[in-house]
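In what follows, a single structure is set out as structure tokens and then discussed.
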Amino acid sequence: MANESRIPIRTTADIVTARQKGRILAMELGFDGSDLTVIATAISEVARNIIDHAKSGEVIITRGNQGGKRGICVVAHDSGPGIADVEQAMQYGYSTRNGLGIGLPGAKLLMDEFNISSVAGQGTTITMRKWRH
Amino acid sequence: MRVPILKQGDYLIASVQSVLSDDDLQLLRDDLADRVGRFRSRGVIIDVTVLDVIDSFATRTLRAIAHMLKLRGAHTVIVGIQPDVAFAMVQLGLTLAGVGTALDLEEGLEYLGGRAHRLHEHRSFGSREEDRLGHPLRTGRHSHEHHSSRPRDEDENDHPGHASQRSLEYGQ
Amino acid sequence: MKRQSQKQTDEATSMHHLGVRTATTGDEANEALLRQLVAHLRQNRTQLREEWASHITEAELLTSMSKEEIFTEATSVYDNYVAVLETGSVEALQAYARNLSERIIPRGVETHEVVGIVLLLRDTLARSLFKKYQGDFNLLNRVLDAYEPAANRIANTVAVSFVQERERIIRQQQEAIRELSTPVLQVRERLLILPIIGVIDTQRARQLTEQLLRGIRDNRAKVVVVDITGVPTIDSKVANHLVQTVEASRLMGASVIITGLSSEIAQTLVTIGVDLSKVNAVGDLQGGIEEAERLLGYEVIRASQSMNPEGQA
């Protein structure tokens, strides 16, 4: 069982690759039913955020066990300009672009844990987890 | 991969054949805009049965396509959204508001057919749309089968409130 | 889950194994003793096995099994037991124990019975060792040093396998109960009913929605009536799940009618400010089905009236 998938994100086609790999890994980790689609969708959103705001970056998907809980961990990292106001960016419906502003806040809704850290000029790292029920 | 578009009478049918990249989606939008104008189509069915993820970008694009085609005189119905995809979409807060939905191609055609029937009854396209969009969403009721739409539209004239109730698929 | 606890067991047993080796004067001496032990147990197989079986009956264990059955299983356990002492590998025993558990759990055999019979075997064999080596106390001590850890490890393996198997069966049953508790029923072509009974939590809400959405696809449903008469309370979380179910159904082209919202629940929902503007609610199940039929274009007419369609006012 591959415990880790690293997907470089440079083009929109890589978004598709990332979510497909995420779905496979989630399946290997024992997720089933709609959770697989939920995880793939969340990965799609954070990967797209990289393309939209930093041009390129990386999505790392790993087994995300913690304590007695088993799950999946997704890290989306870029070295882009960073997000000036994280709180604002995480508001549902807020967008710096012409989008709906649903991407990141939406991903947060889909996953059980969602952390974002961003430093202006240095980049953004999003870490999210989902536990198996 | 470019999405093939079929012409069937007054309708266009776009069947998504494989996973769509963002570029494919935008190409689909341009192709549909072009053909709706060329063929003077009244309805468009986009079949997304094969999509295993519909994220916020795809939803936004599908909605934009539907709204744009409406301005060009065609109604759009999205068919074939799979159970898990639908569930993930609503958890993400995406509801495709203002866009018609149906189970599959067959239902999609019926949906457009029933709709044309009703429009024919009322003749006035514009006022009908205003009526639909002007009312807040009330229900999730579905459009009706072809044969049953006629008596109910007459009924609507007696009870104007019902019209907005049933307009869910277009409204919001 | 199973794989994880399995791994823990393996780790525990291999650590145990390590303990055996350091506790004795050396691997070779230890193994020689174990070989001697195995030879003794093989030689006295018939007698020891019968002794053990009679202890089981005396202790009133495995009462749900016949004498013949007990003797057959006892033979297998005995042989597996000796094999573990000989090879040091518990894998075969584990597989046998799981298989045994699968067969005896449905007959109501309890954990204490399984643990009990393995401990009885351990003691029966230990007694025979006392008897054999009673003349040489030092040798007896060394034999027991070799025997006890291995015997405990076997008891541990059998008990854990049994419990794991039981947990697996419980999980399976829970799954079955959950599915039974949210049946998606087709009452007419294109019309589904989902009667929900009992408390809805997030986990169940998810499962319920999944089932309903699959039901919509499989039955080509156009209208769904979700009856929540049997749901005692609804908080904002559950209400939002209901709203999500309604919206997801619409994405698949189906309409949802919610019935059985009690006045208390309706009050609560209004008070906590849940947005139910997208939910089509009808008072009771009957009204909901009538509404659904209307949406589907059915018209219910009394048989006597239908003879004379002009007659209906």
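Details
- Radius ratio Rg over Rh of chain C, counting only Cα atoms, Kirkwood formula for Rh: 1.28
- Counts of other chain beta carbons within 10 angstrom of each beta carbon in peptide A:27-38 average 5.
- The accessible surface of chain C, taken with every protein chain in place and a 1.4 Å probe, is 53 percent carbon and sulfur.
- Ranked by how many other beta carbons lie within 10 Å on average, peptides C:131-144, A:51-64 from highest: A:51-64, C:131-144
- Alpha-carbon spread of the stretch C:165-313, three principal axes, descending order, Å: 65, 41, 27
- Theoretical FRET efficiency, 1/(1+(r/R0)^6), r = Cβ-Cβ of C:Ala29 and A:Asn115, R0 56 Å, to 0.05: 0.50
- Taking the C-alpha atoms only, the angle from helix A:12-28 to the longest principal axis of chain A is near 30 degrees.
- The overall shape of the stretch C:222-297 is oblate: from the C-alpha gyration tensor, with semi-axes ordered a ≥ b ≥ c, the ratio a/c is 1.5 or greater and a/b is no larger than b/c.
- When the Cα positions of C:Pro106, C:Val118, C:Ala95 are compared along the charge dipole of the stretch C:61-118, C:Pro106 comes out farthest toward the positive end, with charges on each C-beta of Lys, Arg, Asp and Glu.
- Nonlocal amide H pairs with C:Thr229, under 5 Å, H built at 1.01 Å: C:Ile196
- Full-extension gain in nm, C:Arg188 to C:Thr63, via 0.36 nm per residue minus C-alpha separation: 39.9 nm
- Shielding by partners for peptide A:6-14, expressed as the average number of C-beta atoms from other protein chains within 10 Å of each residue's C-beta, is 2.
- Each peptide among A:4-14, C:215-225 gets the average number of other Cβ atoms lying within 10 Å of its residues, and from highest to lowest they stand as C:215-225, A:4-14.
- Bridgeable lysines around C:Lys278 (alpha carbons under 22 Å apart, same-chain partners fewer than 8 residues away excluded): C:Lys222, C:Lys237.
- Listed residues C:Phe71, A:Phe31 arranged by accessible area, highest first, probe 1.4 Å: C:Phe71, A:Phe31
- Taking 7 Å steps out from each Cα toward its Cβ at C:Arg107 and C:Gln286 produces label points 5.2 nm apart.
- Each Lys and Arg adds +1 at its Cβ and each Asp and Glu adds -1 at its Cβ; summed about the Cα centre, chain A shows a dipole of about 260 debye.
- Peptide C:190-201 - average C-beta neighbours from other chains (10 Å radius): 0
- Placing +1 on the Cβ of every Lys and Arg and -1 on the Cβ of every Asp and Glu, with nothing else charged, gives the stretch C:118-208 a dipole about its Cα centre of roughly 120 debye.
- Scaled to the globular estimate 2.2 N^0.38 Å, the Cα spread of the stretch A:48-94, given as radius of gyration, is 1.45.
- Centre separation in Å (Cα based) which lies between the stretch A:69-91 and the stretch C:80-134: 54
- Taking a ≥ b ≥ c as the square roots of the eigenvalues of the alpha carbon gyration tensor, the stretch C:115-159 is oblate, as a/c is not under 1.5 and a/b does not beat b/c.
- Along its principal axes, the stretch C:90-203 has C-alpha extents of 84, 27, 23 angstrom, given from the largest down.
- Sequence ranges A:65-73, A:34-42, ranked by mean other-Cβ count within 10 angstrom, highest first: A:34-42, A:65-73
- Unit Cα scatterers, Debye sum, chain A: log10 I(q)/I(0) for q = 0.20 Å⁻¹: -1.13
- Placing dummy labels 7 Å off each Cα toward the beta-carbon, the span from C:Val163 to C:Ala176 is 2.4 nm.
- Largest-first ordering by accessible area, 1.4 Å probe, given options C:Trp52, A:Trp131: A:Trp131, C:Trp52
- Only Lys, Arg (+1) and Asp, Glu (-1) charged, at Cβ; the stretch C:43-90 dipole about Cα centre in debye: 120
- Pairwise burial B:C, computed as accessible area of each alone minus the pair, summed, 1.4 Å, Å²: 2900
The values are calculated or read from the model by the stated rules, or taken from the named source; none is laboratory data. This one's a predicted model, so the numbers in the text were calculated from it and none came from an experiment. With ideal geometry, Cβ positions are generated from the backbone for all residues, glycine too; neighbour counts draw on all protein chains shown. Note: areas computed on protein heavy atoms with side chains; ligands, DNA, RNA excluded. Shrake-Rupley method; radii C 1.70, N 1.55, O 1.52, S 1.80 Å.
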